[in-house]
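Below is one structure, written out as structure tokens, with a few remarks after it.
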Amino acid sequence: MLIRDKINLGIINLIFCIKKMAELKLKNIHKIFDKKTRVIEDINLDVMEGEFLVLVGPSGCGKSTILRMIAGLEDITDGEILIDDRKVNNIHPKDRDIAMVFQNYALYPHMTVYDNMAFGLKMRKFKKDFIDSRVKEAAGILDLHEYLDRKPKQLSGGQRQRVALGRAIVREPKVFLMDEPLSNLDAKLRVQTRFEIKKLHKKLKTTFIYVTHDQIEAMTMGDRIVILDKGVIQQVGSPEEVYLYPENVFVAGFIGSPSMNFLDADVTEDKKIKFDSIIIDLDGNIQDLIENNSLSGKKVILGIRPEHFLVNRDDKNTLEIIPELVETLGSEKLVHFTVDNKKITAKTPVETEVNTSEQTKLSIDTSKIILFDPKTQKRYR
């Protein structure tokens, strides 16, 4: 690369690092369809300047509806949306200073990459030289220079997604909204594009709100994660917080792969856990939790993640099980078995000697178990 080109690239990077950032607030947001179907229920959320926030949850939980309401593509039934303390409920989408990247890229097939990226600026009557500068700056960030004269049909899925991102970047919005932008990509390309989007966020230093149903995407990309179910926020926190300290059974089961195991259990008077005639001793911290919540003699839901089982270990909390299925997944094995009529999964290193239908010993790392209230489904603290 010529020295002149390096200097130009440095200037481009500097320009794109000095971005407008926005603080976004959702206050008591409700959404009702057809005057009877509640899809969003009293959402309150503060998005910090420059944050990468991920909305995650199962299909139909309301995450895309929230994104569309922020964009102005969906009316809200009640509540307020504020961008930098400016109420935007009745502001037209084009005047909200946001950019949205859709799942299906939404590129114009008859236009070149250059024209697709420039289209929004042309519609806003910007001068030709200004548009050219913006498009080439964005192309430099996204490595799209050599594709500017191509049509979308001549690009791969990952390249089309970068064009969609470039079209959003040229507008220099205060907020980027992304609605499952990786769902049409294959597994390898999803990993690569996740990395590219995170790198882009660090370079632009702009507020990103990202929607996905994939909890792995959420955990690897988000500064904070908002977990939704049936239009209600279940928990907001960092990836570490929602994994280690889930608010309730739903969050505990949704975050983590494979999902957390749950067993109906009883707490004995001497602060042990009993299920299916099996009694296990508990870590001191869990015993303190039992005492602080007066759980002795009560029923609880016992949660334990697959990776917190230890195979072929003899200790005071050893279970003897017969695996019904053992799946080998490259670096690890998943061991499936049944306890108290519940399907349980343990995760072990691939080198572990464990086979289907052969008796195996499992021990539980009791320092990692979580107890939930059977009635409220909430985690005991």
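Within segment 289-313, being more than 29 Å from the chain's Cα centre (by Cα), closer than 17 Å to ASP373 by Cβ and not β-branched (Val, Ile, Thr) holds for LEU289, GLU291, ASN292, ASN293, SER294, LEU295, SER296, GLY297, LYS298, LYS299. Any residue in segment 199-220 that is modelled with pLDDT of 95 or more and surrounded by fewer than 19 Cβ atoms within 10 Å (Cβ to Cβ)? Taking every residue of segment 199-220 in turn, none turns out to be modelled with pLDDT of 95 or more and surrounded by fewer than 19 Cβ atoms within 10 Å (Cβ to Cβ).
Kindly indicate whether any position in segment 97-109 is farther than 26 Å from SER64 by Cβ and not in a helix (DSSP H, G or I). No. Is it true that some residue in segment 189-208 is in the same structural domain as VAL113 (by TED's automatic domain parsing), polar (S, T, N, Q) and touching a helix residue (DSSP H, G or I) at 6+ places or on another chain (Cβ under 6 Å)? Within segment 189-208, one or more residues are in the same structural domain as VAL113 (by TED's automatic domain parsing), polar (S, T, N, Q) and touching a helix residue (DSSP H, G or I) at 6+ places or on another chain (Cβ under 6 Å).
Taking LEU73 as the residue in question, decide whether it is in a loop (DSSP other than H, G, I, E, B), among the hydrophobic types (A, V, I, L, M, F, W, C) and within 30 Å of ASP34 (Cβ to Cβ). For LEU73, the condition - in a loop (DSSP other than H, G, I, E, B), among the hydrophobic types (A, V, I, L, M, F, W, C) and within 30 Å of ASP34 (Cβ to Cβ) - is met. When ARG160, ARG171, ARG150 are checked against the criterion of being under 27 Å from PRO93 (Cβ atoms) and free of Cβ contacts under 8 Å to residues at least 60 places away in the same chain, a single residue qualifies: ARG160. Scanning segment 28-40 for residues that are within 11 Å of GLY79 (Cβ to Cβ) and surrounded by 15 or more Cβ atoms within 10 Å (Cβ to Cβ) yields ILE29, HIS30, LYS31, ILE40. Kindly indicate the residue of segment 255-301 that is of a type in the set (Ser, Thr, Tyr) and on the phi < 0 side of the Ramachandran plot and also surrounded by the fewest Cβ atoms within 10 Å (Cβ to Cβ) among those meeting that condition. Restricting to residues being of a type in the set (Ser, Thr, Tyr) and on the phi < 0 side of the Ramachandran plot, the top hit is SER257. Note on segment 74-111: among residues that are over 16 Å from HIS30 (Cβ atoms) and among the hydroxyl-bearing types (Ser, Thr, Tyr), the one that is surrounded by the fewest Cβ atoms within 10 Å (Cβ to Cβ) is TYR108.
Rundown of residues vs (1) in a strand (DSSP E or B); (2) within 27 Å of PHE250 (Cα to Cα); (3) in contact with a helix residue (DSSP H, G or I) (Cβ under 8 Å, 6 or more places away or on another chain), yes/no style:
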| residue | (1), (2), (3) |
| --- | --- |
| GLN287 | no, yes, no |
| GLU291 | no, yes, no |
| VAL300 | yes, yes, no |
| LEU310 | yes, yes, no |
| LEU334 | yes, yes, yes |
| PHE337 | yes, yes, no |
| GLU351 | no, no, no |
| VAL354 | no, no, no |
| GLU358 | no, no, no |
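Checking each residue in segment 118-171 for being small (Gly, Ala, Ser) and assigned to a loop (DSSP other than H, G, I, E, B) picks out only SER156.
Determine whether segment 116-136 contains at least one residue that is more than 20 Å from PRO173 (Cβ to Cβ) and among the charged types (D, E, K, R). So far as segment 116-136 goes, yes, one or more of its residues are more than 20 Å from PRO173 (Cβ to Cβ) and among the charged types (D, E, K, R).
Checked against (1) closer than 28 Å to GLU269 by Cβ; (2) part of a strand (DSSP E or B); (3) touching a residue at least 60 places away in the same chain (Cβ under 8 Å), SER363 passes all but a single condition, namely (3).
The values are calculated or read from the model by the stated rules, or taken from the named source; none is laboratory data. Because the structure is predicted, anything quoted here is derived from the model rather than measured. Please note: Cβ atoms are built from the backbone with ideal geometry, for glycine as well, and neighbour counts cover all protein chains shown.
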